[in-house]
Amino acid sequence: MIYNFDEVFDRYHTSAIKYDFKKERGKPDDVLPLWVADMDFKSADVILKALSERLDHGILGYSDMDADYFDALKKWFGKRFDWTVSKEWLISTPTIVFAIFAAVRAFTAPGEHILIQEPTYPPFLKSITDNDRVPVINPLLSRDGKYSIDFDDFEKKIVEKNVKLFILCSPHNPVGRVWTESELTRIGTICVKHGVTIVSDEIHADFTTPGYNHYVLSNLSPDFEAITVTCTSPTKSFNLAGLQISNIFIPNPTLRKAFAKQVALTGHSHPNIMAIEACKAAYTNGEPWLEAVKSYIYENYLYVEAYLKANLPQITCTPLEGTYLLWIDFSSLGFESDRALDDFVTNEAKLWLNSGSSFGAGGKNHMRMNIACPRSVLNQALTQLKEAIHRRL
Ligand SMILES: Cc1ncc(COP(=O)(O)O)c(C=O)c1O
């Protein structure tokens with residue numbers, strides 16, 4: 001194997017959010033971290049080499065996206081998603097969360113209603129409430145652990161609340177769904193019908209498991225293209241979150257102008273030089289590494305699934321169609337509150353996972369586990385969980 005994803009790196013004392021701030025985040029020293037969505041793998045050598053060459057040059061001045069940068073993006077999205085992007089659609093922001101906050105201000109006024117689906121990636125809700133807009137929740141339906149969209153509720157709430165903006169997570173964090181072409185078409189059709197702008201957060205687009213295809217919503221029809229802001233980034237795919245770069249595509253010039261204005265009002269102008277180099281290298285030469293890491297993570301998923309079946313039939317995980325985040329259901333263990341479940345996972349299993357309640361109402365009795373780590377770490381986590389649950393039974 002060319003890549004050794006089994007290698008365990010010590011990430012302590014590297015300023016890593018995942019490891020180094022336990023006390024500040026109210027966690028005991030001895031918890032094993034499988035929470036925030038970055039990977040415990042070294043990024044691709046081709047990217048590290050490009051970064052190192054830029055450092056060797058030694059000048060880290062103001063920089064911008066050049067023709068090579070756009071060319072790398074165009075080839076990547078063309079090859080992987082059959083999506084032809086135009087240069088003028090592109091606006092760079094430091095992060096996708098930054099872009100979502102800007103989009104909320106660009107496309108709605110204070111007091112207006114914005115639709116999201118729960119369970120939700122927490123910054124979606126925060127971008128609405130922190131900007132004095134009003135969240136409208138379309139709860140995802142869960143049947144036997146598989147999630148789907150309640151389209152009747154989706155359309156009814158848009159009409160009743162005069163919703164102006166919908167923030168879509170595709171593929172979905174935390175429930176791991178990769179929306180089908182037909183689900184995305186229904187979403188787009190309803191939003192076109194009622195004049196709703198869509199922010200489609202597709203940061204997890206590269207992470208689909210075998211048998212699942214990611215479709216770029218904006219690419220499904222010219223009508224969808226006209227109402228959609230597509231948020232993309234190489235940072236999840238190539239483990240570059242600390243570099244902060246995202247590529248936001250907005251074909252509609254009116255939406256683009258409004259968005260660009262909000263970005264400019266934050267004072268942001270140019271991307272980070274190291275992020276530019278990393279993104280170019282990732283999209284030009286990083287595909288073999290990405291495919292290898294995806295296979296490893298998929299094996300991790302199969303490993304967890306088999307482990308739970310054999311050792312912990314009381315808890316189940318949602319089928320992983322996309323992302324590297326497992327959504328685990330603890331309801332049959334009968335914890336009296338989310339707080340009690342959190343306490344158990346933290347203090348008995350000694351794990352640092354994301355608490356389901358942080359994803360909104362639909363997160364009750366759930367935990368999110370990041371499985372982008374060496375298998376030995378995953379095995380350690382599962383052993384700790386098994387021993388804690390067996391002590392409790
Ligand atoms: C759906 C989703 N959007 C955005 C982000 C964060 O991206 P960024 O660091 O570019 O803000 C994450 C990270 O977990 C995510 O899951």
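At a glance:
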| quantity | calculated |
| --- | --- |
| Pair list, Cβ under 6 Å, 6 or more apart: region 309-326 residue more than 15 Å from ASP144 (Cβ to Cβ) and of a type in the set (S, T, N, Q), other residue away from the ligand (no atom under 14 Å from the Cβ) and in a helix (DSSP H, G or I) | ASN311/LYS386; GLN314/SER332; GLN314/LEU333 |
| Matching residues in region 187-229 - criterion: being closer than 26 Å to VAL293 by Cα and within 12 Å of the ligand (Cβ to nearest atom) | SER200, ASP201, GLU202, ILE203, HIS204, ALA205, PHE207 |
| Failed condition for PRO33, given (1) away from the ligand (no atom under 16 Å from the Cβ); (2) closer than 30 Å to SER376 by Cβ; (3) touching a residue at least 60 places away in the same chain (Cβ under 8 Å) | (1) |
| Single match in THR232, THR266 (criterion: within 16 Å of the ligand (Cβ to nearest atom), surrounded by fewer than 19 Cβ atoms within 10 Å (Cβ to Cβ) and among the polar types (S, T, N, Q)) | THR266 |
| Region 110-134, residues that are free of Cβ contacts under 8 Å to residues at least 40 places away in the same chain and over 23 Å from ASN365 (Cα atoms) | PRO110, GLY111, ILE128, THR129, ASP130, ASN131, ASP132, ARG133, VAL134 |
| Elements of type helices (runs of 4 or more DSSP H) contained in region 197-299, each with 3 or more residues being within 24 Å of GLN117 (Cα to Cα) and at pLDDT 95 or above | 222-225 |
| Residue check, ALA106 away from the ligand (no atom under 12 Å from the Cβ), modelled with pLDDT of 95 or more, crowded, with 17+ Cβ neighbours inside 10 Å and of a type in the set (Gly, Ala, Ser) | yes |
| Residue within region 167-180 that is over 23 Å from ARG368 (Cβ atoms) and away from the ligand (no atom under 14 Å from the Cβ) present | no |
| Verdict on GLU305 being surrounded by fewer than 21 Cβ atoms within 10 Å (Cβ to Cβ) and not in a loop (DSSP other than H, G, I, E, B) | yes |
| Pick from region 114-134, criterion buried (at least 20 other Cβ atoms within 10 Å of the Cβ) and away from the ligand (no atom under 11 Å from the Cβ), ranking: nearest to ASN173 (Cα to Cα) | PRO119 |
| PHE98 within 23 Å of LEU325 (Cβ to Cβ), within 14 Å of the ligand (Cβ to nearest atom) and surrounded by fewer than 22 Cβ atoms within 10 Å (Cβ to Cβ) | yes |
| Enumeration of residues in region 1-21 that are among the acidic types (Asp, Glu) and part of a loop (DSSP other than H, G, I, E, B) | ASP6, GLU7, ASP10 |
| Filtered residues of region 113-154 (kept if of a type in the set (Phe, Trp, Tyr) and under 18 Å from the mean Cα position of the chain (by Cα)) | TYR121, PHE124, TYR147 |
| Subset of region 310-362 (residues that are within 16 Å of the ligand (Cβ to nearest atom), closer than 27 Å to GLU299 by Cβ and among the small types (Gly, Ala, Ser)) | GLY322, SER355, GLY356 |
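The values are calculated or read from the model by the stated rules, or taken from the named source; none is laboratory data. These figures come from a predicted structure and were not determined experimentally. Please note: Cβ atoms are built from the backbone with ideal geometry, for glycine as well, and neighbour counts cover all protein chains shown.
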